[in-house]
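Trainee: Starting off with a structure, shown below.
FYI, it's all coordinate maths here, none of it is from the lab. Owing to the predicted nature of the structure, the values given are computational and were not obtained by experimental measurement. Here Cβ is always computed from backbone atoms with ideal geometry, including for glycine, and neighbour counts include all displayed protein chains.
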Amino acid sequence: MNRHIPFLLAFAAAVLLARGAAADQAKPAAQAPAPAAAPGRLAPPVRGQAELGYTKPVSKRMGSNIITTIKVKNLSNGAIAGLKVDEFWYDKAGDPVTGDTFRYRKPLQPQEVITVTLTTPVNPKMDRNQYKFEHLNGTIKTTLLPKL
């Protein structure tokens, strides 16, 4: 009888291990973590004139600030490095009153769309505004688009 006890214990352990392995295999594969998506290939930066499309700027007064939003799309074949958008506000005489600057720190890849937000404090002398688009390696040719 003493010989059968170790055999029964080993058999019970084997059955428990087999049941545990079968339970692990029964889990659905959907719960497995998805692999991270590989980043797309980066385009080389544009040298000289870049092409940029934008939508009509929308300005709204919120408290003591005017918030202007513009959607911008890179129409060039290369990335636009160091995109900078300046907003200038002028009074009725044409003198500058105030403004704001937006910088996009990453290269704007071809066909990529971003939203530019400019926040300018309200000044009672404000009459009209103007926008200037620049990048690190040259000038920007802008095109007004109906929508993006």
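Trainee: Provide the per-residue ³J(HN,Hα) series for segment 99-110, in order, calculated from phi with Karplus coefficients 6.51, -1.76, 1.60 and θ = phi - 60°, each as a whole number of Hz, with x at glycine and proline positions.
Mentor: x, 8, 10, 10, 10, 9, 6, 8, x, 7, 6, x
Trainee: May I pose another question? Using the Cα gyration tensor of segment 50-144, with a ≥ b ≥ c the square roots of its eigenvalues, what is the shape: rounded (a/c below 1.5), prolate (a/b larger than b/c) or oblate (neither)?
Mentor: It comes out prolate by the Cα gyration axes.
Trainee: Based on Cβ point charges of +1 for Lys and Arg and -1 for Asp and Glu, what charge dipole magnitude is obtained for segment 50-144 about its Cα centre, in debye rounded to the nearest 20?
Mentor: So the dipole magnitude of segment 50-144 works out to roughly 220 debye.
Trainee: How much net charge surrounds Lys125 when only the other residues with a Cβ under 10 Å from the Cβ of Lys125 are counted, with Lys and Arg +1 and Asp and Glu -1?
Mentor: -2
Trainee: Also, quick follow-up: Among Arg47, Arg105, which comes first, second and so on when ranked by fewest other beta-carbon atoms within 10 Å?
Mentor: So the residues, fewest neighbours to most, are Arg105, Arg47.
Trainee: Stretch Leu42-Ile5 to full length: gain in nm at 0.36 nm per residue minus the Cα-Cα span?
Mentor: 6.6 nm
Trainee: Per residue of segment 117-125, in order, report the coupling 6.51 cos²θ - 1.76 cosθ + 1.60 (Karplus, θ = phi - 60°) as ³J(HN,Hα) in whole Hz, putting x for Gly and Pro.
Mentor: The phi angles translate into 10, 10, 10, 10, x, 6, 10, x, 7 Hz.
Trainee: Moving on. Hey, rough spin-label estimate for Arg128 and Leu144, points 7 angstrom out along Cα→Cβ, what's it come to in nanometres?
Mentor: Output for this residue pair reads 1.3 nm.
Trainee: For Phe88 and Thr117 in the same chain, what is the full-extension length gain: residue separation times 0.36 nm, less their Cα-Cα distance, in nm?
Mentor: Here the answer is 9.1 nm.
Trainee: Compute the distance in nm between two label points, each set 7 Å from the Cα along the Cα-to-Cβ direction, one at Met62 and one at Leu136.
Mentor: Between Met62 and Leu136, the simple spin-label model gives 2.9 nm.
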